[in-house]
Every structure is written in C-alpha cells, then in structure tokens.
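Notes follow the structure.
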Amino acid sequence: MHPTTTPAAVARTTRGHRTASSTNPIRHTGRRRLLAAALAVPLLLGAAACGGDSGDSGKTELSIFWWGAEGRAALTDQALALYTKKHPDVTFKKTWQANQGYFDKLATLTAGGNAPDVFQIDDNFIAEYAARNVTLDLTPYKDSGKLDVSKFPESLWKYGVVDGKLAGAAFGENTQGLVYNKTLLDKFKLPAPTTGMSWADFITWAENVSKTSKVPGTMDPSASYQAFWLWLKQQGKDLYAGNQIGFTEQDVAAWFELWKGARDRGATPTPDVIHEGNATDISKQLVVTGKAATSWVWANQMPELKKNTKDELGVIAYPGKPGSQWARASMYLSVSRSSKHKDTAVDVINFLENDPEAGKILGTDRGLPSNLEIRKLVADSVTDPNMKQTITFENELGKTFGPAPAVPVKGHSKVRSELVRVAEEVEYGRMTPAAGATAFVVAAKAAIGQS
Amino acid sequence: MSTVRTATRPVDPVGPRSPAAHRRGPGVARRREGTAAYLFLSPWLLGLMAITAIPMVLSLYLSFTNYDVLTPLSEVQWVGWDNYREMFTTDPSYWHAVTVTVSFALIAVPLKLAAALGVALLLNRSFRSVGLFRGLFYLPSLLGGSVALAIVWVNMFNRDGAFNSFLALFGIEGAPWVNDPHWALETLMVLAIWQFGAPMVIFLAGLKQVPNELYEAASVDGAGNWRKFRFITLPMLSPVIFFNLVLETIHGFQGFTAAFVLSNGTGGPVDSTLMYTLDLYIKGFVELNMGYASAMAWVFLVAIGLITVVLFRTGRFWVHYSDAEEH
C-alpha cells in the first residue's frame, strides 16, 4: 500500500494546479513555466503517493493483515492494543477484509513488495506461499522457544510444516462439523442425526427428513473437498499422497454415485439449490437459508452460522467412523520473509497464541485456541451457548482424532475448484458419475502438476 | 480542432460538423495551440504512461514468462511461446471461455442496440414529460457495471426470485435462471441488454441531426413510416449506429462484473458464465498464473483489434457520411 499523502505535497500540488489552470496559459505565463507546471503536477502527485515516512526512532510499526468479519476485527484490535500496552514502542498498521478477495489482495501486496509483516493464511494457500518462499521459516524461532508451540497438540503445529519448513503457526483448530437445524427437526418430531452414523444411514435419515418436513434433509456434499477427503480416509485412501493424488477414478466414481443415489431418493435439494450451497459464504449455507436441514462445514463456523438464523442449530461429526477426522489448523499466522521486523513479528504471533489475556479476548473466533492451556481457560469462561457447544463437540471428538494428514500440496485450491465444477456437472446430470470421475482425476493431476 | 476532427471522423457520433471547423485553416497560431493542448494533456499523458502503457509493455514481457505473482520479477523464467501454445492447444477452459464470450457478444450486442434504437425512436417525439422518460430509460446505464445491480439480478432471477413469482401469476413455473447452467448466460445477456441507456442517448442525439426536410419531402412523395425509417432514418443514422456498434462490441467482449458477482468469481454454474475476462482473472489472481493470464490478455487485445478492423472494413458498405458527397 502507498503511505498516505503528506500535507505539504498536497498543498504544493494544489498550487501547481492553480497556476496551470486559472490563467490563460499562453499569454500570461511563458511556455517554459507552463511546461514546468504541467510536468510538476503529475510528478508531485507521484512523489506524494510514493514518499513514505522513513524516520523511525526505535519505534516499530508492524503491518498485519487478516480476513474476517467485524466481530473478529474488534477482538483482534483489542488483543493487539494489549500488546502495544505491554510494548509501547510497537504499533500496528491493521488491515482486514472479507474472505472473498483476501488472497487476491495478499498476492498483489506481495508482488508489489509490500507483503504485510504478519498475515493470516489458510491451508488452501499456505503451500503456494511457502513453496515460493514468501513465508519466513519459523523453525529456528520454534527451536529457540521464541515461538512457543510446546502447548499445542503436536499434529496441529506440524500441520504448518511445508517441505520441512514451518511456514505458519496454527492459529486455531477445527474439524469437520455437520450442522443441523434442531428447530426444524423438533417441529416434525424427527430424530437428530448422531455422530457415528454410517453414510448409508445418514442418507436414509435425510430422505426421511425430506419426506416428512418437505425441507431437503441434507446439502449434497459431493463438491465439498473436506467431505470427500474424510470419506477417502475412511476408505483407507487420502486426498494426497506426497505430491500425487491419493485416490483413483473408482474412488471418485463411488463418491459421486453415493450422492447421485441420495439425490435420486430426494435426500438433497435440486442441483440449482446445491449450487447455491456450494458458495463458501457462511450466510449462503443451506442450513441457515432454510433450504436444507444440514450443511457440511467446519465446526468452528457453527457460532457464525447461528448469527444468520433464528433456528437452533446442532453440530455432529460427518458420517462414518468419527476417528478418521483430524485436527485441522483453521488458519495460520505467518511472517513475511521480506519483513524488516521479523523478530517483533514472531513475538506478536507468540503473544497472540500463548498469552492468557490475549487468548481470553480472542476466544474461539478463529477456532479452538491452539494452546491447550488457553483452550481450557477459554472453555471455562465462554458464555455463548453455540461456542460452548462447539467446544464440547470438538473436545469430545478430539479424544478419537487420528493423525492429521500433511498440509495440502501446492495447487490444492485449484483441485478444490475443479471438484466443485465436476461435481456440479454430475449433479446437473450433464456427466455420469463415471465420466465425472475421469474428468476430475485428469483435472486434479493437472492442478498439482502430477504427470 | 483539426486533429480531433480527422481522428474521430469515421465514427463521429454527432453527425455533420459545424461549418466553423471548415473555415479556419491551418496556421502558426493553431500549431501553438496544439502544443498547449499537449501540455495540458500531460498530467493525463504521464498518467497513461505510468498506469497504462508501462504495465502493458510489462505484461507483454510477462506473457513470455512463468511469472506467478509471488516470485519476485527478477527471478521469472523466460518460457518463449509456451503460454500461447498452451492456450490454443491444451488449456481445457480456454476455448470454452472464448465460446461463452463470443456467444454473449453476438446475441447481447445486436439486441441491446436494437432496444436502444427502438426506445430512442419512441423518445424522439415531443410529448409531455419526454425528459422524464429519457431519464428513466437512461437510469439502468448509470448503474452500469455496478456490483449492487448484479446482486439484485441474482436475487431476482433465482428459483424463488421476483421474476419467477411474476411468471407464477400466469401459472408458469420458471427455471432457476442464474443457478441453471442452461440459462445463466442468458440472464447475463438480459442484464446487459437492459442497460441500453448509453447507446440510446447517442442514438437520440443522432436522430435530432436528421433534417426534417427529408421527412417532409418523403411525406409529399407519399412514403409511409416504414419507408421513411428504412430510407431516411437508417442511412442518416448509420454513422451513429456504427459508432455504437463498435463501442458496444468492445464493451460486450469485456463483460466481467456481472459474471463475477453472479458466479462468486468462479464462472459457474459449471462454467456457463466463464467469460474470457473472468477466466483471465481466475488464471492470474486465483491460480497465480500471471504470465499465462498476460498472454491471454494480449491475445484478447489482438482479437478485439481485429474485430474492430473487420467492423471498419464492412462499415464502408453501409455507413453513409453526409459530408462524403461534398468532396
């Protein structure tokens, strides 16, 4: 970002403007002066736009960039203010915005050599950034204890390791969560779905909900990579195996068939509604728009979903063996390799992750706190019933968590969008599950550069 | 005046020029005026250089590299024509995006021009509150390209949107329009056509320029409304039609905002709204394939240039300039 225009430059520019425009140029001013004025205006504007304040006297201004809603911004502001209170010579230049467009902006900032010192990133992009050396390797800081991850579950901080480098510090933990509309089910005296249901049982349950309540029982998750991934793990496969895809055409075809069956039985909405639900916005999830009784999300999104509906919500694990779910870093904090204040930046991350006061302020907004002691502290003090439910659910499920897979490879975000495209082709009936499977395997391989 | 005149001559929207332009000859004073004009233009010219020209040249260079946004420019690798080759041979979405864009332009542009001309003809009469109507019809264009409008469109044209409620009055069950791969692009076309205000205003200005004597003479000769339209209005208006056609064609090919908003930036449902510019955006900013996206941009520029040249060539056969006979 360009620093703000200095007042002096503005004044000069305005004056330059006035000489150039308020008098008849040819008669009253010489051509040369006119030329000077004409050249000066844009040059000054340019200079004003590029001139930064370089005079710092022991003070550090750290730029920090995250995505999220207003609520998150308020919490983050408070936590950062606390840091400044403890370290008066460190101030923050905070920038935040909605998730849509966040990564465009992060990429362009990086390209312009203005990467923020500290930024939020998720597992869709961390490999892209780490592979291109945008993120600072935090391993030395971890080893020296300047970045303390000793209270993190091991699989959680390791989920930030890309090619042997610690690219980001997990800033919150979540796992797959199936959110259902309690109010709707109660109204029709339908049983709630339960953790541990088989996929077939779940689809039968959803079909029954559709028939009784006339609201489709479940969103069709065939385009959801986290549902597909979990299902693969339950079949003993994986989304990725090293730098290769970890599944076969048969797996994809079986997955598409499973949901084609569910659609044919009326367990899901029509394809156009499924398409609406495939948008990543919280507010468009079908469980809150009332177009389906369940949505496939991440557990920490439950309180946010609740803000978009009057109905009571419940959360359970995805179907199948719950032990196959894993603790995923809902996001990370990373330091830019080009940062001029690397040590301070790491210290800020360490503070946000491990300071009890900061932890209490931040709560579970970004997922369960990574630091288990802070997590306990927050769980004891949290009042929001939906947050409470999420914490209980994740703690319960956490007991059976399997080992986390490696961070998705570079090209993962393209794999995700290809899954949406192909799954929708199948949903709209423009491709058979088998043809879709072939297309997806080709596209996924191309996306991650597997020959 | 003289430079401006030659530059815009073939597409002059206001029709015959004032006689004053012909009277003044070239001279020293005029040349000096020209220099002054460039000086006054310099803030814009420098801006053009910094914001448009230099990045354009840079993007031409990048189109021959594997630039991925995150890697510093100094480390990019020259890949020759690879990006261009990939575009025309292996990229599965490229030709799809071309098809979507061309069909969008082929259908939406003529219909939009027809709508603009039709309404302009209606509004060219004098009746009370004609000004109000002109304003109302122009209104959608003021909102042009806006995100808000695209969002309204999405809400109007989904399964339980206002449009289907309207159809339901007649017992018709509508499609889910924007969420239906068969109809999503058509919905975007309707949005584009509805924003016919800008060409309409230009048509109106052109219609005002048609001398009334011609119509009067035709009436005396017993010509009906259709013949007057066909043999007076259309030929007299042809430079304006041409101008609008060129402008709207270029505009049509560049459609981005509505497609982006409607599909959350994905080009969906199932790539049905994957316009060329949207595909380019996805390749460059989402997939970080900026070198490839730059190559796409240059092919796009050349293609639009060629289409414009073709339009100019064919224009010779049907565009009549009223001052052509004078020379």
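For the pair A:Asp238 and A:Gln100, a Förster radius of 22 Å applied to the C-beta separation gives a FRET efficiency near 0.15, rounded to the nearest 0.05. Under the convention that each Lys and Arg Cβ holds +1 and each Asp and Glu Cβ holds -1, the size of the dipole of the protein assembly as shown around its Cα centre is about 2880 debye.
Using mean Cβ contacts within 10 Å as the protection proxy, how do A:89-97, B:272-280 order, highest first?
Working: A:89-97: 15.4, B:272-280: 24.2.
Output ranking for A:89-97, B:272-280: B:272-280, A:89-97.
For the range B:2-326, the mean projected area of the C-alpha convex hull, equal to one quarter of the hull surface, is 23.1 nm².
Ranked from largest, the principal axis spans of the Cα set of the range A:95-190 equal 56, 34, 23 Å. Remark: the range B:70-77, residue by residue, has Karplus-estimated 3J(HN,Hα) of 7, 7, x, 4, 5, 9, 5, 10 Hz, where x stands for each Gly or Pro and the curve is 6.51 cos²θ - 1.76 cosθ + 1.60 at θ = phi - 60°.
Projecting the Cα positions of B:Ala105, B:Leu117, B:Asn66 onto the charge dipole of the range B:2-326 (unit charges on Cβ atoms of Lys, Arg, Asp and Glu, taken about the Cα centre) puts B:Leu117 furthest along the positive direction. Taking Cα centre as origin and charging only the Cβ of basic (Lys, Arg, +1) and acidic (Asp, Glu, -1) residues, the dipole magnitude of chain A rounds to 1620 debye. Any chance you could check the Cα centroid distance between the range A:99-133 and the range B:96-144 for me, in angstrom? Distance between centres, Cα-based: 42 Å.
Just to be sure I understand: of the beta bridges DSSP finds with both ends in the protein assembly as shown, what percent are antiparallel, rounded to 5?
Numbers: 24 of 35 bridges.
That works out to approximately 70 percent antiparallel.
Percentage of Cα-Cα pair distances in the range A:163-261 greater than 22 Å, rounded to whole percent? That fraction is 44 percent.
Only the Cβ atoms of Lys and Arg (+1) and of Asp and Glu (-1) were treated as charged; on that basis the dipole of chain B about its Cα centre amounts to roughly 1580 debye.
Taking the Cα atoms only, what angle lies between the long axis of helix A:372-381 and the longest principal axis of chain A, rounded to 10 degrees? Compared with the principal axis, the helix lies near 80 degrees.
Fraction of C-alpha pairs exceeding 49 angstrom in the protein assembly as shown: 30 percent, rounded to a whole number.
Taking Cα atoms only, the orientation of helix A:342-354 departs from the longest principal axis of chain A by about 40 degrees.
Summarising the label geometry, the points placed 7 Å from Cα in the beta-carbon direction at B:Tyr38 and A:Lys165 lie 5.0 nm from one another.
Looking at the range B:146-245, which GluC sites (Glu not before Pro) are in a loop (DSSP not H, G, I, E or B) and have at most 11 other Cβ atoms within 10 Å?
Hits after loop and neighbour filter: B:Glu173.
Where the centroid of each part is defined by its Cα atoms, how far is the range A:359-438 from the range A:256-334 in Å? Value for the Cα centre distance between the two parts: 10 Å.
Each Cα pair under 8 Å and six or more residues apart adds its separation to the average, and for chain A the resulting relative contact order is 22 percent. Note that the range A:295-305 has calculated 3J(HN,Hα) couplings of 10, 9, 9, 9, 4, 6, 7, 4, x, 5, 4 Hz, one per residue in order, obtained from phi through the Karplus relation 6.51 cos²θ - 1.76 cosθ + 1.60 (θ = phi - 60°); glycine and proline are x. For the pair A:Ser198 and A:Glu249, a Förster radius of 22 Å applied to the C-beta separation gives a FRET efficiency near 0.40, rounded to the nearest 0.05. Using the Kyte-Doolittle scale, find the helices of chain B whose mean hydropathy is at least 1.0 and whose Cα atoms extend 30 Å or more along the helix's long axis, counting only whole DSSP H runs. Those that clear 30 Å and a mean of 1.0 are B:92-123, B:290-318.
Annotation: Cα Rg of the range A:331-395 relative to the compact-globule expectation 2.2 N^0.38 Å equals 1.27. State, to one decimal in nm, how far the label point of A:Lys388 lies from the label point of B:Thr308, with both points 7 Å from Cα in the Cβ direction. If labels sit at A:Lys388 and B:Thr308, their model points lie 6.6 nm apart.
Calculated FRET efficiency, B:Phe88 and B:Phe317, Cβ-Cβ r, R0 30 Å, to nearest 0.05?
Numbers: r = 32 Å, r/R0 = 1.06.
E between B:Phe88 and B:Phe317, to the nearest 0.05, is 0.40.
For chain A, the longest principal axis of the alpha carbon atoms and the long axis of helix A:70-86 meet at an angle near 60°. Can you pick out the pairs among A:Lys158/A:Lys399; A:Lys189/A:Lys214; A:Lys233/A:Lys260; A:Lys233/A:Lys445; A:Lys306/A:Lys410 whose Cα atoms lie more than 23 Å from each other? Distance filter (> 23 Å) returns A:Lys306/A:Lys410. With unit charges on the beta carbons (Lys and Arg positive, Asp and Glu negative) and the dipole taken about the Cα centre of the range A:316-413, which residue among A:Pro405, A:Gly359, A:Ile391 sits farthest to the positive side? Ranked along the dipole, the leading option is A:Pro405.
Give me the extension gain from B:Ala223 to B:Ser129: residue separation times 0.36 nm, minus the current Cα-Cα distance, reported in nm with one decimal. Don't jump to the answer; show the numbers that get you there.
Details: separation 94, 0.36 × 94 = 33.84 nm, distance 2.94 nm.
This chain segment gains 30.9 nm when fully extended.
The Rg/Rh ratio for chain A is 1.07, where Rg is the radius of gyration of the alpha carbons and Rh is the Kirkwood radius.
Of the residues B:Gly47, B:Phe317, B:Ile307, the one whose Cα sits farthest towards the positive end of the charge dipole of the range B:2-326 is B:Phe317 (charges of +1 on Lys and Arg Cβ, -1 on Asp and Glu Cβ, taken about the Cα centre).
Every read-out reported here was derived from the displayed coordinates using simple, explicitly stated rules and does not represent laboratory data. As the structure is a prediction and not an experimental result, all values here were calculated from the model. Please note: Cβ atoms are built from the backbone with ideal geometry, for glycine as well, and neighbour counts cover all protein chains shown.
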